[in-house]
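A short write-up of the structure that comes next.
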Amino acid sequence: MEKSQESSLKVLIKDLVLQFEVLFTQHVQLVRQEMVVDGRKLAVQAGGLVLGLLLVVLGLAFVGVALLVSLQLVLPTWAAAILVAVLFLVGGGLITVGSIRNLTQRPKGRALEEAQETLSWLMRKK
């Protein structure tokens, strides 16, 4: 009788290890899938960002020239140039700060939630 209990315990432990291996493999696959999807989205968004920024820079250059020419009518050239430069620097700084804030606030993926659920399930007391 004791021999059958030992063999059933070995079978249970073997099954537990196999199930843990499957669970771990599934978590790794989920993380990989999320990374691929996130990477593709990031690449597309980065390309659009670069193109958009190029057009914005060109547009701002023309706005700056127009503003400088119009301010030269009422201010000396050097004062008009400094005023336009300060406006561009302040605007660029505000946009940069906003972008950095948006980049640091990233939602967590499903893989982290799955791992937390698995850990809580493994740690629960019976």
_Complete set of residues in segment 65-95 that are closer than 23 Å to residue 53 by Cβ, free of Cβ contacts under 8 Å to residues at least 24 places away in the same chain and hydrophobic (A, V, I, L, M, F, W, C)_ = 65, 66, 67, 68, 84, 85, 86, 87, 89, 90, 94, 95
*Where a residue in segment 13-24 is touching a residue at least 60 places away in the same chain (Cβ under 8 Å) and within 18 Å of residue 115 (Cα to Cα) and its partner, wherever it lies, is β-branched (Val, Ile, Thr) and in a helix (DSSP H, G or I), with Cβ under 9 Å and at least six apart*: 23/118
_Residues of segment 70-88 satisfying the condition of being in a helix (DSSP H, G or I) and of a type in the set (Val, Ile, Thr)_ = 77, 82, 84, 86
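What is the residue count in segment 30-50 for residues that are over 14 Å from the mean Cα position of the chain (by Cα) and not polar (S, T, N, Q)? Lay out the reasoning, then the answer.
Filtering segment 30-50 down to residues over 14 Å from the mean Cα position of the chain (by Cα) leaves 30-33, 47-50.
Within this subset, residues satisfying the condition of being not polar (S, T, N, Q) are 30-32, 47-50.
Within segment 30-50, residues that are over 14 Å from the mean Cα position of the chain (by Cα) and not polar (S, T, N, Q) number 7.
Please find, among 31, 56, the residue that is among the aliphatic types (A, V, I, L, M) and under 30 Å from residue 111 (Cα atoms). Don't jump to the end; show me each part of the working.
Working: 56 fails: under 30 Å from residue 111 (Cα atoms).
Going through 31, 56 in turn, just one is among the aliphatic types (A, V, I, L, M) and under 30 Å from residue 111 (Cα atoms): 31.
Bear in mind that the values in this text are calculations on the coordinates, not laboratory data. This one's a predicted model, so the numbers in the text were calculated from it and none came from an experiment. Cβ atoms come from the backbone with ideal geometry, glycine included; neighbour counts cover every protein chain shown.
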